Every structure is written in structure tokens, then in C-alpha cells.
Amino acid sequence: MVAERGQLLLVGAILFSVVIVGVVIQLNDLQYTDTIGSNAQTDAIDQAAQAEAETRAALYGLDLRVRNGTDRSEYQEALRENVSTYQNYSENMTAAGGATYTNVTLNLAASVNETVMTQSDDPYRKQTSPRRPGWDLVTDAETVSQFWLNESSVKTGGTSFQVVVSNPAGDEWRLKLEGVPVAGPGPDDVDVVVETPTSTNTACRRSDADDIELNLIDGEDAMTPPSCTFTSFADALDGPYTIEFEKGNRAEGGYEIAVVGGSVNTGNFAGTRERILYPGIDYKYRSPSTAYNRTFAVGEAGS
């Protein structure tokens, strides 16, 4: 009986070991299968994200080329044609490369537009009604994407013409065009003076006989290479931005400002128009394991 009992225990131990080993093998199989599934899902998500990032980058480059190579009046139609061409090219690549499919179409309703104010002629920058030489052109703009200032003549003596940019924190940036009398006949000089919250500098001195064209976004003039450089308001202040002209009757010339958000109030001889800043795109992605649609604005931060 003792021997039989020992045999039963031995057999029972062997069977128990076999069961344990079988369970461990099954658990390992399940874990291995789950790992394969998780890795495959992660790979699919990564591939989708990579495809979208590559598409965004390609469309951003395409938009830049269209902007730089097309007249503004033809930009929208040229962009539509180029996006369509890109989509056709993408479809051909997809057909040759596998089961992944992407589709892009221009969606103007989803575009981020900017308001452009332009005064291209030389009259003094007086506001029409009421007729005063100082006013806020822009109030609380989220983005200022363009700001060109052209001066053809500056008066000497008295208070100078100034561009004042401020923000809700109370910080101010000023650009002054100060007329400097020159002895004898001939044109006077003009000093370009920039005041930031921490400094005041004379960026350059020019003859009033020459037009001065300044890029207030980049902080430089239009010459190549620049002969007048300064701290731009975008580098000195955080937005949103309010832009004011003071003593607009002290200088002649034009300007062009492009802003997103806020309100605008142009002066004499200036017009406004809407322009696409970030074109909207409807994007579709399809693969055997992943499918989604997304709408984004090309080039917009955080889109």
C-alpha cells in the first residue's frame, strides 16, 4: 500500500507538472500574441503619423513655391491646381507602392485668412474721419505676418512720425523717423530710431532724397545686404499687438500690414483685402488597419 501510495503521488506530481508547464506555455503564447498585436498596432499608428507629417511638409513647401512664383491675384487658383497635381502624383505613388492611400483637397473654408492693409501712394498718413494724424491701425492682432513701411519724405523740426506697437502687458516698441536738418541747399537727413522696453538706438541715418523701405517684422531695410538693422517689435514684444501711427502728417510714404485677428482701421488712401495665410486642407488616410480624416491649415503652428 505504501508503494502504491508513493506511485500515485509520483504520478500526481508528474501530471501536475505537465499541467503547470502547459499553462505556462499557453500564457507565454498569449503574451507573445498580444505583444505582436500591440507592436503591429503601434507600427500602424507610427506609419500613419509619418505619412501625415510627410504630407504636411510637402504641402508647406508647395505652398511656399506657389506664393513666391505666382502673382497674388492668381495665387488661389494656382494653389488649387498644384494641390490637385500633388494628389494625382500621390495616387500614382500609392498604386505602385502598396495598400496605403492618402488624399488631399484644398478647403478654402478651413483656411486661416489675414487682413491686408495697403497704402502704396505718398500722401500723409492722416485718418479720414475724424481727420487726425494719429490713430490705431490695428487693435489686438493675434499675428502680424507682414509690415513694410516706405518713407519718401520726412519733415524736420517738431515731433517726429512714429510707429508704436504695444501689447496688453503695457510693453511698447517705437520706431521714429526723425528729420535732421543739413546746412546749405539740398535734402535733409533722416534718422531711424528704435525704442524697445530696454534700449534706444539709432539704427541708421539716410538722406531724405532716398526712399527708405523698412521691414518691421525682420528688423531691416530692403537693401541687399541690409544697411539698416534694428530690433523688430516681434523680437521685443509678445502679442497680441496693437499698432498705432503717431504724427502721420509728419512723413509721406506707403505701408503694407497683414494681420490675423483683432480689428483694423486704415487711414487715408489705404485699402483692405482678405488673403489666405494658411491654406486649409482636407486629408484622408487609409490603410488595412488604420483609417481617419483630418482637416488642417498648412503651416499653422499647432494645427
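Quick look at the values:
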{"item": "Enumeration of residues in the stretch 62-100 that are under 29 Å from Ser287 (Cβ atoms), acidic (Asp, Glu) and at pLDDT 90 or above", "result": "Asp63, Glu81"}
{"item": "Residues within the stretch 168-191 that are closer than 21 Å to Gly158 by Cβ and in a loop (DSSP other than H, G, I, E, B), tallied", "result": "6"}
{"item": "Qualifying residue in the stretch 128-151 (condition: more than 25 Å from Val193 (Cβ to Cβ), of a type in the set (D, E, K, R), open to solvent by 70 Å² or more (accessible area, probe 1.4 Å) and modelled with pLDDT of 90 or more)", "result": "yes"}
{"item": "Identity of the residue in the stretch 245-285, small (Gly, Ala, Ser) and part of a strand (DSSP E or B), that ends up surrounded by the most Cβ atoms within 10 Å (Cβ to Cβ)", "result": "Ala251"}
{"item": "Matching residues, the stretch 192-237, being over 27 Å from the mean Cα position of the chain (by Cα), part of a loop (DSSP other than H, G, I, E, B) and of a type in the set (D, E, K, R)", "result": "Asp208, Asp210, Asp211"}
{"item": "Qualifying residue in the stretch 195-203 (condition: at positive phi, touching a helix residue (DSSP H, G or I) at 6+ places or on another chain (Cβ under 7 Å) and either modelled with pLDDT of 90 or more or among the hydrophobic types (A, V, I, L, M, F, W, C) (or both))", "result": "no"}
{"item": "Positions within the stretch 108-127 being open to solvent by less than 40 Å² (accessible area, probe 1.4 Å), modelled with pLDDT of 90 or more and not in a strand (DSSP E or B), in sequence order", "result": "Ala110, Ser111"}
{"item": "Single condition Thr105 does not satisfy, out of (1) modelled with pLDDT under 70; (2) in a strand (DSSP E or B)", "result": "(1)"}
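The values are calculated or read from the model by the stated rules, or taken from the named source; none is laboratory data. Treat the numbers as computed from the prediction; the structure is a model and nothing was measured. Because the Cβ atoms are built from the backbone with ideal geometry, glycine has one as well, and the counts that use them run over all protein chains shown. Each accessible area value is taken on the protein alone, full model and side chains, heavy atoms only, with ligands, DNA and RNA left out. Shrake-Rupley method; radii C 1.70, N 1.55, O 1.52, S 1.80 Å.
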